[in-house]
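Structure first, then comments.
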Amino acid sequence: MRRTRFPRGLLAVITALTLLLGLASQPQPAAAATKGSYTILIFMNGSDLESLGGGAATRDLAEMLKVGSNEQVNILVETLGTKKWTPSFISGDRNQRWRVEKGFLRLVDDTVGRRDLADPNTLKEFIRWGMEHYPAERYGLIFWNHGGGPVYGYGRDETNPTNPTLSLAGITQGIGDALAGTGEQFELIGFDTCLMGSTEVGAALSPYARYLVASEEVGPAHGWNFTPVLQALHDQPDMTGDRLGQIIADNFKEQAKIYGTDKWITLSVIDLGKIQSVVEAWQDFLAVIEPAIDQKDEVRALQEARQQAESYGGKADLVDLHDLVTKAASLAPAEAEAVASRVKEAVVYNMNSIATPRATGLSVYFPHKGTQSLERLLELYAGSGFSPTYQGFLSRYVAAALTETEPVQFIAEAPVASQVATRSTSYAVQVNPNQADEVAAVYSILGMINEEEPDDIILLSYDNAVDFDPETGEIADEFTDYAVTLNGHYVAMYLEEEGETYDRYAIPIELNGEDVTLMVLYDYETDEDVIVGAWPGLDEETHTAEKEIIQLKYGDRIKPLFEFYNPVTDETGHYEGEEFILWEELSLGYTELPEGLYLYGFHVVDFAGNESFSDFTEVEVVYEEEP
């Protein structure tokens, strides 16, 4: 279950607005409007964000109602995709079309019936209807809900669980069919969703719009702040899409500051007239490196660049394009510089954050981990319709990765103590020196045996503070008897991403009965940990990103979760720690481990994505009593 947390008093405002909205619950015919300056079409797939997320769609409708429409600006909304809306007069059984007016919604079309989000015709008919009944000099189209990037598309239709998303191909089909023969083009297409700020999305939409507003990374459930955006449009109804996009981004950031979600956000405004030059430069870069892609050094250098570049959406396999080519510049310096330059030209406005410092505005799909699923993912990606050149390159790249050499081998089975100390011990192990140059990353693992299930290894920490000698293949780290705590309670903390100025960690917890990941940034410069917020992750079925960065508050119930692995059965899962109530400011600390027997080992990843694990060494923690 999802829970969206709003500032104190907002639910009362929503309740009051629901009563106000009820004044316009009867259908009204669409007005034969004269041609205005702007018509904004909002495709509002409420989904679980509305029914289970505390009325998140209703909240944004409330923001729109503060300004509404006028003679020059028409704000039109199609509601769909959720079983139950907070305002009782909005139907969960059928699609409905509304004109947003100041203080109330006017139902202008109740004849649509029950239409699925996944059907491109649903989008097409909404666009055609809006342009026919509310013609304008400029049009905007906004998608509201979840996003899964170019592979998994947009939305999550709660009323159609068998086919809940609209693919990128479906989006372009719906828009293309709607605009066919009209001579129209959208001034702006925006995604108030996660993960849709990609090169593929921009390329697909470039024939149909001048500007794209979208996020590379996941975003908070409050989404965009529509009140100041619509007010600006009222004040300057002749503004162009780039200016409107900048206003959307600026106010999104200001609202995120109020909600405390500004540590992990991105949003960019992209000139779609320049996106093709980005694609061409990217293809030129690929053309230089592809002939040698099956060579070991070439694959390794590219995989190293991919591993180091800033990525988004967890397992969504999206990476910042500018950062990727910068990291891989040694493979084709001039071509990499051209890509970077074209990205800067296409992204006319960009906003990032402390957790996304290298987000430059355009991501690209580039599979990285989980080699066993790469071929299946490429089949899904082919549906995006993006560059055949890149599709072919990825096929060769994946083939090279899958046929890479065997995983790195350890010479010794388990780490051994190189010295004995009172408070810490240095442990070392060695990999085959002939494979040392294949090592991409090394991590330490701290675990313990579950006394009730002796085959289960409970994982307490996973970190990269490890010394590795690429000449000898020696791996060493100092084991200390300290563990991470959250407000004094032991938690597990696992490294998720390594950056140039920060590392991102995940602390799995159960928050008020919901499994989430508490995201933590370790800042290299300040040597401090920053708690970003809690994220539910990617949806298991649709792979769209949960549009929610939860800020914990007083009274929340927190239960630490500890992942376990059973090497006998290959089973994984988690154990629950003791629940506690948050009655003070959330804080991380370091506390002595309880006395007992622990397990310590190393994890190696090579440039092909192959993984190797050393055996565990048993480490007993015993404290001498004070004299």
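So what's the back-of-envelope 222 nm ellipticity for the chain, counting only DSSP H runs of four-plus at -39500 (n - 2.57) apiece and dividing by all residues, rounded to 500? Could you put the intermediate results ahead of the total?
Working: 15 runs with 166 residues, N = 627.
Mean residue ellipticity at 222 nm (helix-derived): -8000 deg cm²/dmol.
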With a 1.4 Å probe and all protein chains kept in place, how much accessible area does ASP463 have, in Å² rounded to the nearest 10?
50 Å²
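Hey, with R₀ at 22 Å, roughly what FRET efficiency would LEU597 and HIS574 work out to, going by the Cβ-Cβ distance, to 0.05? Show your work: numbers first, answer last.
Numbers: r = 21 Å, r/R0 = 0.94.
The formula returns an efficiency of 0.60 here.
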For the chain, find the longest principal axis of its Cα atoms and tell me its angle to the long axis of helix 241-259, 0 to 90°, nearest 10.
60 degrees
Got the relative contact order for segment 478-627 handy, in percent, Cα pairs under 8 Å and 6 or more residues apart?
20 percent
Calculated from backbone phi, Karplus (6.51, -1.76, 1.60) coupling profile of segment 386-397 in Hz, x at Gly/Pro:
6, 2, x, 4, 5, 4, x, 4, 4, 4, 5, 4
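Report, to the nearest whole %, how much of the accessible area of the chain belongs to carbon and sulfur atoms, 1.4 Å probe, protein only.
Values: 11990 of 25350 Å².
It is 47 percent, rounded to a whole number.
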Relative contact order computed over the chain (Cα-Cα under 8 Å; 6+ residues apart), in percent
11 percent
If amide hydrogens are placed 1.01 Å from N in the peptide plane, which non-local residues have theirs closer than 5 Å to the one on ASN95?
GLY113, ARG114, ARG115
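Accessible area, 1.4 Å probe, largest first: how do SER69, SER88 sort?
Working: SER69 20, SER88 110 Å².
If we order SER69, SER88 from most to least accessible, we get SER88, SER69.
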The set of residues whose placed amide H lies less than 5 Å from the amide H of GLY499, leaving out same-chain residues fewer than 5 positions away, is ARG504
Could you tell me which of rounded, prolate or oblate describes segment 132-255, using a ≥ b ≥ c as the square roots of the eigenvalues of the alpha-carbon gyration tensor, with rounded for a/c under 1.5 and, failing that, prolate when a/b is larger than b/c and oblate otherwise?
oblate
Taking amide H positions as placed in the peptide plane 1.01 Å from N, state which residues far from PHE564 in sequence (5 or more) or on other chains have amide H under 5 Å from it.
LEU459, GLY573, HIS574, TYR575
At the level of C-alpha centres, the distance separating segment 184-259 and segment 569-583, in angstrom, is 39 Å
From largest accessible area down, sort ARG300, ARG59; use a 1.4 Å probe on the protein chains.
ARG300, ARG59
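Percentage of Cα-Cα pair distances in the chain greater than 31 Å, rounded to whole percent? Don't jump to the answer; show the numbers that get you there.
Numbers: 105463 of 196251 pairs.
Across the chain, Cα pairs with separations above 31 Å total 54 percent.
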Residue by residue through segment 349-354, which ³J(HN,Hα) values in whole Hz follow from phi under the Karplus form 6.51 cos²θ - 1.76 cosθ + 1.60 (θ = phi - 60°), with glycine and proline marked x?
7, 9, 9, 10, 7, 4
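Keeping all protein chains in place, calculate the accessible area per residue for the chain (probe 1.4 angstrom), answer in Å².
Values: 25350 Å² over 627 residues.
Here the residues of the chain average 40 Å² of exposed surface.
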Going by the alpha-carbon gyration tensor, a ≥ b ≥ c the square roots of its eigenvalues, is segment 219-332 rounded (a/c under 1.5) or, if a/c is not under 1.5, prolate (a/b greater than b/c) versus oblate?
oblate
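Shape of segment 573-627 from its Cα gyration tensor (a ≥ b ≥ c, root eigenvalues): rounded if a/c is under 1.5, otherwise prolate when a/b > b/c, or oblate? Mind showing how you got there, number by number?
Working: a/c = 2.52, a/b = 1.34, b/c = 1.88.
Oblate, since a/c reaches 1.5 and b/c is not below a/b.
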Gap in Å between the Cα centre of segment 470-511 and the Cα centre of segment 63-122?
47 Å
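Which sequence of ILE458, ILE509 reflects their accessible areas, 1.4 Å probe, from the largest down? Don't skip to the end; give the middle numbers.
Values: ILE458 20, ILE509 0 Å².
Descending accessible area places them as ILE458, ILE509.
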Take each of the peptides 611-621, 261-271, 581-591, average the number of other beta-carbon atoms within 10 Å over its residues, and list them starting from the highest.
261-271, 611-621, 581-591
Using θ = phi - 60° and the Karplus form 6.51 cos²θ - 1.76 cosθ + 1.60, what ³J(HN,Hα) does each residue of segment 617-622 get, whole Hz, x for Gly and Pro?
9, 7, 10, 9, 9, 9
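The values are calculated or read from the model by the stated rules, or taken from the named source; none is laboratory data. Bear in mind the structure is a predicted one, so any value in this text is a computation, not a measurement. Cβ: placed from backbone, ideal geometry, glycine included. Neighbour counts: every protein chain shown. Ligands, DNA and RNA are stripped out before the accessible areas are found, and what is left, the full protein with its side chains, is counted by its heavy atoms. Shrake-Rupley method; radii C 1.70, N 1.55, O 1.52, S 1.80 Å.
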